[in-house]
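To keep things clear, I will list the structure first and then write my remarks on it.
The values are calculated or read from the model by the stated rules, or taken from the named source; none is laboratory data. Since we're looking at a predicted model, the values are computed, not measured. Cβ: placed from backbone, ideal geometry, glycine included. Neighbour counts: every protein chain shown.
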Amino acid sequence: MWCARVLWTGSISVTTWIAVLVAGLGSYAFRVAPLLLGNRLRLRERTQDILRHAGMGGIAALLVSSILGFGSTGGPAPSRPCWPRWSQPQLWPGAADR
Amino acid sequence: MTTVTMPTNDAVPPAQVAPDTRARGAFASGARAMTPVTFGYLPFGLLLGAAIGRSTEPWAAWSGTELMYGGSAHLTLIEMLRTGSGWWAAVGAALLINARLLVYSSAFIPLWGPARGPARLLGAAVVVDPTWMLAGRRSEQGGTLAQQRAHFAGAAVVLTAGWTVAVTAGALLGSVTAATGALAIAVPLCLVAIVMPHMKLPGGFVAVVVAVGVTVATASWPPGSGMLLAMVSAAACGALACCGPGRSA
């Protein structure tokens, strides 16, 4: 199933380029929209709170994942990888052994 | 909740000092102010670089250093792609993390709103937590808009240079196991330093606790879905705790 998902989402390198580009453009849109629209884009206090909490929630989730190990969070490690284990990148030392 | 706003009025500058000299001084002052902050972000940049160095497509991942210009969203994107999330889920999580930039950028309207188009576009590209924080401090000291923009530019140049160097060095050192081990300890500490100030804000503590709980509870869910749910839950619960029925903002 995991292999099928990789194939379904397309080549990994193309996927990474697309993801970085879309995330980069989206991030820039967040930055530039208020400066271009000026006072026409007035965020309510509640909206500002929601955006801040969402962002910080993501960083807190990232923190938990970094403590638990990315290899074991966000889904179980694939039991039958479709490429050799030695070729799989690993950020967190020992994460694959957890 | 306090919102940082920039002054809209230009103070009258002393007649004896040339405008160029004042702008250069403000630029240098911004660069000096950002230097220690940049050093504080170095471990995080190195770890992000290590993640980039071990990704399946390092060049694509590295390009996000300037394109995304935000370490937490960038790291989230890379790790979610690496753990097999769909690219749409990874992008969604990264954008949700960076949605706070909308708030930061709104605070810059008085400073950059009246500027020329290219300056506005350039200034917007480097709106991020440290530049927002320093610009807020600088605006409290007064001065002309030109001086404040020069201060912002100096700070942004130092941060961009330092961040790019740190991420690139981390990518090159990523294959060194000992370095990665040390950095793996450093990154939770960096993230704690980012999260802690938020917990003092109204609803911030609830938002962070909910995000932690949801992330742990959804560890066995498909990659990325737990983080997205954690962010949505944190936003909803934080907003309710902050200014829900019967509470004032």
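Residue-by-condition table, conditions (1) assigned to a helix (DSSP H, G or I); (2) within 16 Å of residue A:21 (Cβ to Cβ); (3) among the small types (Gly, Ala, Ser); (4) within 10 Å of another protein chain (Cβ to nearest Cβ):
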residue	(1), (2), (3), (4)
B:35	yes, no, no, no
B:42	yes, no, no, no
B:47	yes, no, no, yes
B:69	no, yes, no, yes
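Quick one: which helices (runs of 4 or more DSSP H) sit completely within chain A and have at least 1 residues that are at pLDDT below 50 and at the interface with chain B (Cβ under 7 Å from one of its Cβ atoms)?
Here the list reads A:2-8.
When the residues of segment B:140-151 are narrowed to those that are outside any loop (DSSP other than H, G, I, E, B) and modelled with pLDDT of 80 or more, which ends up surrounded by the fewest Cβ atoms within 10 Å (Cβ to Cβ)?
Going through the qualifying residues, I end up with B:146.
Can you say whether residue B:113 is within 7 Å of chain A (Cβ to nearest Cβ) and either of a type outside the set (Gly, Ala, Ser) or within 28 Å of residue B:222 (Cβ to Cβ) (or both), as far as the supplied structure shows?
no
Before we move on, is residue B:160 assigned to a helix (DSSP H, G or I), of a type in the set (Ser, Thr, Tyr) and surrounded by fewer than 23 Cβ atoms within 10 Å (Cβ to Cβ)?
Yes, satisfied.
Output the residue which, of all residues in segment B:94-125 that are part of a helix (DSSP H, G or I), more than 15 Å from the chain's Cα centre (by Cα) and small (Gly, Ala, Ser), is surrounded by the most Cβ atoms within 10 Å (Cβ to Cβ).
The selected residue is B:119.
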